[in-house]
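Notes to accompany the following structure.
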């Protein structure tokens, strides 16, 4: 999707519209969230002896397939009716001819990243986001599974989580567009790691020190476990809403000033290295800690330290990339 958007969007248009391009995906969360809750709660209407989880899964996967068919149909319609209409798309606006998607080996990918400081900084952003969100999410979902051991109850909660995430992100989409236009790329790109750092610190601090707060928690009429789940949910909603409204648009905007070859090879390199290292890096850190400490609860303090360290590296990369982005685009802050 973003490769298609980068190809047909000018940088002046991107500042205005990139945050809004994610709006549809988050409106979809307002639909998918209640749908997940409904299908996960369907066990109440099933006779005894029927596997409620399997029935829920059948309905959910059917919905996924239907949505995929709709995506293909819309893309086909756009290629046939929009991309051929000069009122909406002028191929002459593309400065350089489109090249085939680069297919690079792992070694070629690392070599390319080593040659381009600009692309390397984008890769660091993607890797650090993936690692930090993975470290926080695994700890939160461990608490969540303890609170909701039944898969249908767990999925019902995740449906509510998706709904709240969609609602908050839609609000953040409009705020994000304002931030990018008025405060500039650097401020917008720095917002996501800042939010993740502050909310992550709050979540980890509660999980680590909650035994010392049991008296206060009892006054709230809840349990430490449930409160950990709620605080973790707030943390994840804030992190994902800023990710969708600011991190994704600013990351994709960073590709626009590059020449066509750098765009193609850069995205290919980050697809190979950035996304995969981001997802696996957090798991690798946690697996290494689990070997020594045995349980997720025991490694939580060390995971918190690792998360902070990764976010600091992320912030350093944002500062470096912002200087290069401003040099390439001549960006000025609107007043």
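Here are the numbers for the structure shown:
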{"quantity": "Which numbered condition residue 87 fails, given (1) in contact with a helix residue (DSSP H, G or I) (Cβ under 9 Å, 6 or more places away or on another chain); (2) at pLDDT 65 or above; (3) assigned to a loop (DSSP other than H, G, I, E, B)", "calculated": "(1)"}
{"quantity": "Residue within region 253-266 that is closer than 27 Å to residue 168 by Cβ, at pLDDT below 85, part of a helix (DSSP H, G or I) and out of contact with any strand residue (DSSP E or B) (no Cβ under 6 Å at 6 or more places or on another chain) present", "calculated": "no"}
{"quantity": "Residue check, residue 180 farther than 30 Å from residue 59 by Cα and at pLDDT below 90", "calculated": "yes"}
{"quantity": "Which listed residue, of 310, 305, is closer than 17 Å to residue 203 by Cβ, out of contact with any strand residue (DSSP E or B) (no Cβ under 6 Å at 6 or more places or on another chain) and surrounded by fewer than 16 Cβ atoms within 10 Å (Cβ to Cβ)", "calculated": "305"}
{"quantity": "Residue within region 243-256 that is closer than 23 Å to residue 164 by Cα and out of contact with any helix residue (DSSP H, G or I) (no Cβ under 8 Å at 6 or more places or on another chain) present", "calculated": "no"}
{"quantity": "Residue 257 vs. criteria without any contact (Cβ under 8 Å) to a residue 24 or more places away in the chain and more than 18 Å from the chain's Cα centre (by Cα)", "calculated": "no"}
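Quick grid of which residues meet (1) within 18 Å of residue 317 (Cβ to Cβ); (2) buried (at least 18 other Cβ atoms within 10 Å of the Cβ); (3) without any contact (Cβ under 8 Å) to a residue 24 or more places away in the chain:
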| site | (1), (2), (3) |
| --- | --- |
| 178 | no, no, yes |
| 191 | yes, yes, no |
| 203 | no, yes, no |
| 216 | no, no, yes |
| 220 | no, no, yes |
| 226 | no, no, no |
| 237 | no, yes, no |
| 262 | yes, no, no |
| 273 | yes, yes, no |
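The values are calculated or read from the model by the stated rules, or taken from the named source; none is laboratory data. Because the structure is predicted, anything quoted here is derived from the model rather than measured. Note that each Cβ is placed from the backbone with ideal geometry, even for glycine, and that neighbours are counted across all protein chains shown.
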